[in-house]
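S.K.: Sharing a structure, written as structure tokens. Questions coming.
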Amino acid sequence: MTNYIVPVLILFILAHGVASGTNVYSALIDGAKQGLTVVRDIFPAVLVMLTIIAMVRASGTIDLIANTLAPVLAPLGIPAECLPLALLRPFSGSGALSVGSEVIAQAGPDSTAGRIAAVMLGSSETSFYTIAVYSAYIKMKNTRYAVPAALGADVAAFLASAAAVQLLMG
Amino acid sequence: MLMSRVLAALLLLAVVFGTLTGRMADVALAAVSGTQQAVELILSIAGTICLWSALMEVMNRSGLALRIANMLRPVIVWLFGKYGRDEQAAEAISQNMAANLLGLGSAATPAGLRAAKRLDELARRDGVRPDSVLLLIVINTASVQLLPTTVAAVRAAYGSPNPYDILPAVWVSSVISVAVGIFLARIFGKIWRGK
């Protein structure tokens, strides 16, 4: 089933574009160009994060933390490798992408930990960044319960990622 | 500032533990191999990012994004009550949500900020606390994304034969997280003391 989603979606987007009289080709070219800007914008942060995380991993720290916390996280169905990702997710988008990629690379994209990392990345946002941008824009000095509610949603996303991977893909 | 401290702390961990475990050679090597890994990763996901950015642009120009936004109107009334019936607010919120759903991050933020401004004005006009703004912010921090294309590209880069097979799990998980966010925002909106 999942094999059909992407090809059929692409077909639908293009067919709708043609049917509505849009110049689809020039939209594709312009959009791809904007994509290059996104790539250029995230590369510096990914480079810095991945290098530092590779150094931390090489020192044995991540394995040590993961092994220590594994017994606590196991009952929740969360592989310990995914914990650094969970902790970083609300703070940094490219940081989380880097840490998540590390988990996917080390554990394998179709391992349980690799899948959970991917689902976590796909189903959460950089909460603190979002709150900061919005509250600064409307000059809101006190964000009251925005942080606890957003972090609650993030925790739910992590637990749900682990549960969804094990129930739907186990 | 926070990020700088986190990075410094991580590097300190790497050096201290590298010394204790006697793996300093590996740590030094990682300073090189990590950069190579970053270049390889970015190159292998660049194509996917550009492809979907291209398809999103088609959706924008063909009016498909706008049609999806209009379909969200009833949801917005349900979430934001009378402020969801304000034309200006509802239009901006629906564009923000549609862009988030479609993974159009760059289009979601401007629409979201417009919505926040309008909701804030309405709250001031009515002399109430801006709970609607906080709800909008929380929904944006938990955004539901239909197609996590960047993550799929990362999975493909590391050899997954079917990088999109995580979609159902992503949908379930993001719906749960946004539902929890909305629930918490509503509960806190009722019980939160202080301004």
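S.K.: For the Cα atoms of chain A, what angle does the longest principal axis make with the long axis of helix A:93-107, in degrees from 0 to 90, nearest 10?
M.R.: Tilt relative to chain A: about 70 degrees.
S.K.: Then there's this: If each residue of separation counts as 0.36 nm, what is the full-extension length gain between A:Val133 and A:Tyr4 once their alpha-carbon separation is subtracted? Write out the running numbers ahead of the final one.
M.R.: On the way: separation 129, 0.36 × 129 = 46.44 nm, distance 3.69 nm.
The A:Val133-A:Tyr4 span can extend by a further 42.7 nm.
S.K.: Any idea how far apart B:Val16 and B:Asn70 come out in nm if each label point goes 7 Å out from Cα toward Cβ?
M.R.: Calculated label separation equals 6.0 nm.
S.K.: Once every DSSP H run of n ≥ 4 in the protein assembly as shown is given -39500 (n - 2.57) and the sum is divided by its residues, what mean residue ellipticity at 222 nm do you get, rounded to the nearest 500 deg cm²/dmol?
M.R.: Computed mean residue ellipticity for the protein assembly as shown: -26500 deg cm²/dmol.
S.K.: At a Förster distance of 35 Å, what's the computed FRET efficiency of B:Arg124 paired with A:Gln34, Cβ-Cβ distance as r, to 0.05?
M.R.: On the way: r = 36 Å, r/R0 = 1.02.
Calculated transfer efficiency: 0.50.
S.K.: To test your reading of the geometry: what angle, between 0 and 90 degrees and rounded to tens, separates the Cα axis of helix A:61-73 from the longest principal axis of chain A?
M.R.: On a 0 to 90 degree scale, this one is about 80.
S.K.: So, one more: Note the angle between two axes, namely the Cα long axis of helix A:2-19 and the longest principal axis of the Cα atoms of chain A, as a number of degrees from 0 to 90, rounded to the nearest 10.
M.R.: The angle comes out near 30 degrees.
S.K.: With a bin width of 20 angstrom, please list the P(r) values of the protein assembly as shown as percents of all Cα-Cα pairs, from the 0 bin to the one holding the largest distance.
M.R.: Pair shares across the bins are 28, 57, 14, 0.
S.K.: While we're on this one: Students often get this wrong: which residues of segment B:42-73 have the backbone nitrogen under 19 Å from the point 7 angstrom along Cα-to-C-beta of A:Ser111?
M.R.: none
S.K.: Which one, A:Ala70, A:Ser111, A:Val147, is farthest towards the positive end of the dipole of segment A:46-168 when Lys and Arg carry +1 and Asp and Glu -1 on their Cβ?
M.R.: A:Val147
S.K.: Still on this structure, I have one more. With unit charges on the beta carbon (Lys/Arg positive, Asp/Glu negative), name the residue among A:Ala132, A:Gln166, A:Pro7 whose Cα is farthest towards the positive pole of the charge dipole of chain A.
M.R.: Projecting each Cα onto the dipole axis, the largest value belongs to A:Ala132.
S.K.: Under 14 Å from the Cβ of B:Leu51, count the other residues' Cβ atoms, weight Lys and Arg +1, Asp and Glu -1, and hand me the total.
M.R.: So the environment of B:Leu51 carries a net charge of -1.
S.K.: Going 7 Å from the Cα of A:Asp41 along its beta-carbon direction, which residues of segment A:54-96 have the amide nitrogen within less than 17 Å of the resulting point?
M.R.: Within reach of a label on A:Asp41, which here means backbone N under 17 Å from a point 7 Å along Cα→Cβ, segment A:54-96 contributes A:92-96.
S.K.: Using only the Cα atoms of chain B, build the gyration tensor, take square roots of its eigenvalues as a ≥ b ≥ c, and label the shape rounded, prolate or oblate: rounded if a/c is under 1.5, else prolate if a/b is larger than b/c, else oblate.
M.R.: It is oblate, given that a/c is not under 1.5 and a/b is not larger than b/c.
S.K.: Per residue, how much accessible surface does chain A expose to a 1.4 Å probe? Answer in Å², no decimals. List each step's numbers first, then the result.
M.R.: Numbers: 7420 Å² over 170 residues.
Accessible surface, normalised per residue, equals 44 Å².
S.K.: Would you mind telling me the share, in percent, of accessible area of segment B:2-191 contributed by carbon and sulfur at probe 1.4 angstrom?
M.R.: Details: 5630 of 8500 Å².
Roughly 66 percent of what the probe reaches on segment B:2-191 is carbon or sulfur.
S.K.: A further question follows. Can you put A:Ser20, A:Ser111, A:Ser161 in order of accessible area, largest first, using a 1.4 Å probe?
M.R.: Numbers: A:Ser20 60, A:Ser111 30, A:Ser161 0 Å².
Most to least solvent-accessible, the answer reads A:Ser20, A:Ser111, A:Ser161.
S.K.: B:Ala179 versus B:Ser44, label points 7 Å from Cα toward the beta carbon: distance in nm?
M.R.: Distance between the two pseudo-spin positions: 3.5 nm.
S.K.: Return the value, in Å² to the nearest 100, of accessible area buried between chains B and A (probe 1.4 Å, both sides summed).
M.R.: On the way: alone 12880 and 11330 Å², together 16550 Å².
Result for this pair: about 7700 Å² buried.
S.K.: With only Lys, Arg, Asp and Glu charged, each at its Cβ (+1 for the first two, -1 for the last two), find how big the charge dipole of chain B is about the Cα centre; round to the nearest 20 debye. Could the numbers behind the result be given before it?
M.R.: Working: 18 positive and 11 negative charges, 162 e Å.
That gives a dipole near 780 debye.
S.K.: Considering only lysines 8 or more places apart in sequence, or on different chains, count the pairs in the protein assembly as shown whose C-alpha atoms sit under 21 Å apart. Show your work: numbers first, answer last.
M.R.: Working: A:Lys139/B:Lys117; A:Lys139/B:Lys195; A:Lys141/B:Lys117; A:Lys141/B:Lys190; A:Lys141/B:Lys195; B:Lys82/B:Lys117; B:Lys82/B:Lys190; B:Lys117/B:Lys195.
Summing the qualifying lysine pairs gives 8.
S.K.: Which sequence of B:Phe17, A:Phe12 reflects their accessible areas, 1.4 Å probe, from the largest down?
M.R.: Numbers: B:Phe17 50, A:Phe12 110 Å².
Ranked from most to least accessible, the order is A:Phe12, B:Phe17.
S.K.: Let me cross-check A:Ile52: its accessible surface, 1.4 Å probe, with only protein heavy atoms counted, in Å² to the nearest 10?
M.R.: Probe radius 1.4 Å; accessible area of A:Ile52 about 20 Å².
S.K.: Rounded if a/c is under 1.5, else prolate if a/b is larger than b/c, else oblate: which is segment A:46-168, with a ≥ b ≥ c the root eigenvalues of its Cα gyration tensor?
M.R.: Numbers: a/c = 2.05, a/b = 1.48, b/c = 1.39.
In terms of gyration-tensor shape, prolate.
S.K.: Could you tell me which residue out of B:Gly34, B:Ile137, B:Trp192 lies farthest along the dipole of chain B toward its positive end? Charges go on the beta carbon: Lys and Arg +1, Asp and Glu -1, centred on the Cα centre.
M.R.: Value: B:Trp192.
S.K.: Longest span of chain A, sites excluded, free of trypsin sites (Lys or Arg not before Pro) in DSSP loop with at most 15 other C-beta atoms within 10 Å?
M.R.: Numbers: sites that count: A:Lys139, A:Lys141.
Counting at most 15 other Cβ atoms within 10 Å as exposed, the longest clean stretch of chain A is A:1-138.
The values are calculated or read from the model by the stated rules, or taken from the named source; none is laboratory data. No experiment lies behind these values; they were computed from the predicted model shown. Here the Cβ is made from the backbone with ideal geometry for all residues, glycine too, and neighbour counts use every protein chain on show. Ligands, DNA and RNA are stripped out before the accessible areas are found, and what is left, the full protein with its side chains, is counted by its heavy atoms. Shrake-Rupley method; radii C 1.70, N 1.55, O 1.52, S 1.80 Å.
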